[in-house]
Amino acid sequence: MQYFGGLMDIKYALLGFLSWKSFSGYELKKIFADSPYFYWSGSNNQIYRTLLQFHKEGLVDVTVEQDPPRPPRKMYTINERGREELKKQVESAPELPQIRNSFLAQLAWADLLDADEMTALLDAYRHEVEMHITMLEEKERRGTTRPRRNTREELLWDMVSANIMHSYHSELEWIDTVKTKLEEV
């Protein structure tokens, strides 16, 4: 299952993170790589291109930090115009999640398998989902990078996490239902 897949998503996620604090492009890249909240399949160059576009549009300010012996790094900070743009996006009509699950296409043609092969397929998928849940739980335990400026914001991020975890736990329940119904056929 994949969530938050498009360029618009990364654009507003980047603005959102920049509303929290200033980041370099490299730091933002690491946040997306480690985040259980934002699935994104684009290239790292997309982050840097988006940050440059934000600067051209006047949504962020850029400063250069010198920290010898390291090379200088550009730090991006959202400005008032960027906050207004982010607020417009937050206020816009919500979209339904775009859930893409390639296993469903695989299962649709699984009538080609005998009962043991079908069980093995479902068990393998269950294992993958369980491993992903374990990984997400570990990232949560480690305190993934997310803003915690106030109780309300922390609650909202907790609810985002709970939604994602609920989806994966629902997937496990669905696998059990599929197995039970197949036994009845």
Subset tally (residues that are surrounded by fewer than 10 Cβ atoms within 10 Å (Cβ to Cβ) and charged (D, E, K, R)) for the stretch 88-117: 5
Would you check which residues across the stretch 135-156 are outside any loop (DSSP other than H, G, I, E, B) and within 16 Å of the chain's Cα centre (by Cα) and list them? MET135, LEU136, GLU137, GLU138, LYS139, GLU140, LEU156
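For (1) β-branched (Val, Ile, Thr); (2) in contact (Cβ under 8 Å) with a residue 60 or more places away in the chain, each residue gets a yes or a no:
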position	(1), (2)
HIS55	no, no
THR63	yes, no
ASP67	no, no
ARG73	no, no
ARG83	no, yes
GLN89	no, yes
PRO97	no, yes
ALA105	no, no
Among residues of the stretch 118-165, those that are surrounded by 14 or more Cβ atoms within 10 Å (Cβ to Cβ), of a type in the set (Val, Ile, Thr) and closer than 30 Å to LEU182 by Cα, counted: 4
Looking at (1) modelled with pLDDT of 95 or more; (2) outside the structural domain of SER35 (by TED's automatic domain parsing), which one does MET75 not meet, given that it meets all the others? (2)
Taking SER161, is it of a type in the set (Ser, Thr, Tyr), over 24 Å from LYS21 (Cα atoms) and not in a loop (DSSP other than H, G, I, E, B)? no
Of the residues that make up the stretch 65-78, is at least one within 16 Å of TYR12 (Cβ to Cβ), of a type outside the set (Ser, Thr, Tyr) and in contact with a Gly (Cβ under 6 Å, 6 or more places away or on another chain)? no
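The values are calculated or read from the model by the stated rules, or taken from the named source; none is laboratory data. Given the structure is predicted, the values throughout are model-derived calculations rather than measurements. Cβ: placed from backbone, ideal geometry, glycine included. Neighbour counts: every protein chain shown.
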